[in-house]
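See below for the structure under consideration.
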Amino acid sequence: MPDPEIPAISLTDLGIIRDVEWHDDTLTVTVTPTYSGCPATSIINMEIETTLRAHGIDKLTLKRQLSPAWTTDWMTDEGRQKLEAYGIAPPQPAGGPKACPRCQSDNLERLSQFGSTPCKAQWRCRDCLEPFDYFKCI
């Protein structure tokens with residue numbers, strides 16, 4: 001299931017699906033949103049429910065887990081690669097992108113600490129002049 005805000009990455013690769021477990025005949029899916037006020041949470045829950053019901057799972061419980069809080073450490077390596085291929089620089093512990101996701105130059109400048117969503121910042125490559133989102137390390 002793709003993330004509604006970044007369709008190039010799955011909910012699993014994003015790391016917000018924390019647990020999937022059967023309890024008798026009911027499937028319980030535990031979801032930790034990227035932050036507690038994430039506006040996509042209801043869409044994500046609806047997407048999970050619709051997809052699982054379409055696959056024949058009638059008894060389903062969606063559980064929201066806020067603690068421990070989601071962190072970019074939970075992203076899979078494959079998810080980070082998908083972000084970069086999509087044009088979003090993946091999170092880095094140093095606090096900024098390593099390279100432009102388009103041309104791989106390290107000649108970068110931050111335009112704004114705030115991007116299209118709270119988890120992204122706006123950067124630009126000084127070589128190819130392309131602006132791009134950077135997924136902040138959380």
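Throughout, read-outs are computed from the coordinates displayed, never taken from laboratory work. None of the values given here were measured: they were computed from a predicted structure. Positions of Cβ are generated from backbone atoms using ideal geometry, with glycine treated the same way; all protein chains shown enter the neighbour counts.
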Exercise for the section: Sort by residue number and report every cysteine in the chain with no other cysteine beta carbon within a distance under 4.7 Å. Expected result: Cys38, Cys119, Cys137
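Just need the relative contact order of the range 87-135 here, percent rounded to a whole number, with Cα pairs under 8 Å and 6+ apart.
Working: 95 pairs, mean separation 17.9, N = 49.
Relative contact order, the range 87-135: 36 percent.
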Exercise for the section: For the chain, just list the percent of Cα-Cα distances falling in each 5 Å bin from zero outward, please. Expected result: 2, 10, 18, 21, 17, 12, 8, 6, 4, 2, 1, 0
Fill in the blank from the handout: Residue span Thr30 to Glu109: 0.36 nm per residue of separation minus Cα-Cα distance leaves a gain in nm of 24.7 nm
Problem - Sorted largest first, extent of the range 11-64 alpha carbons per principal axis (Å) - result: 31, 18, 18
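Out of all DSSP beta bridges with both ends in the range 1-102, state the antiparallel percent to the nearest 5. Write out the running numbers ahead of the final one.
On the way: 7 of 12 bridges.
If I count the DSSP bridges inside the range 1-102, around 60 percent turn out antiparallel.
To the nearest 20 debye, what is the magnitude of the charge dipole of the range 11-64 about its Cα centre, counting +1 on the Cβ of each Lys and Arg and -1 on the Cβ of each Asp and Glu? Could you put the intermediate results ahead of the total?
Numbers: 5 positive and 8 negative charges, 39 e Å.
It comes to approximately 180 debye.
List the trypsin sites (Lys or Arg not before Pro) within the range 1-99 that fall in a DSSP loop (any state other than H, G, I, E or B) and whose Cβ has at most 16 other Cβ atoms within 10 Å. Numbers along the way, then the final one.
Working: sites: Arg18, Arg53, Lys59, Lys63, Arg64, Arg80, Lys82, Lys98; in loops: Lys59, Lys98.
Sparse-neighbourhood loop trypsin sites (Lys or Arg not before Pro): Lys59, Lys98.
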Problem - Test item: Cα-centred dipole of the chain, Lys/Arg +1 and Asp/Glu -1 on Cβ, debye - result: 460 debye
Exercise for the section: Give, as a single signed number, the net charge of other residues whose beta carbon lies under 14 Å from the beta carbon of Glu78, with Lys and Arg counted +1 and Asp and Glu -1. Expected result: -2
Problem - Counting all C-alpha pairs of the range 34-84, share separated by more than 18 Å (%) - result: 51 percent
Problem - Which of Ser112, Trp74, Thr41, positive extreme of dipole for the chain (C-beta unit charges) - result: Ser112
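Looking at the range 96-138, which chymotrypsin sites (Phe, Trp or Tyr not before Pro) are in a loop (DSSP not H, G, I, E or B) and have at most 15 other Cβ atoms within 10 Å? Walk me through the numbers before you get to the answer.
Details: sites: Phe114, Trp123, Phe132, Tyr134, Phe135; in loops: Phe114.
Here the sparse-neighbourhood loop sites are Phe114.
What percent does the relative contact order of the chain come to when contacts are Cα pairs within less than 8 Å and at least six residues apart? If you can, show how the numbers build up before the last one.
Numbers: 237 pairs, mean separation 26.7, N = 138.
For the chain, the relative contact order is 19 percent.
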Practice task
Work out from phi, with θ = phi - 60° and the Karplus expression 6.51 cos²θ - 1.76 cosθ + 1.60, the ³J(HN,Hα) of each residue of the range 60-67, listed in order in whole Hz, and give x for Gly and Pro.
Solution key: 9, 10, 9, 10, 9, 10, 9, 10
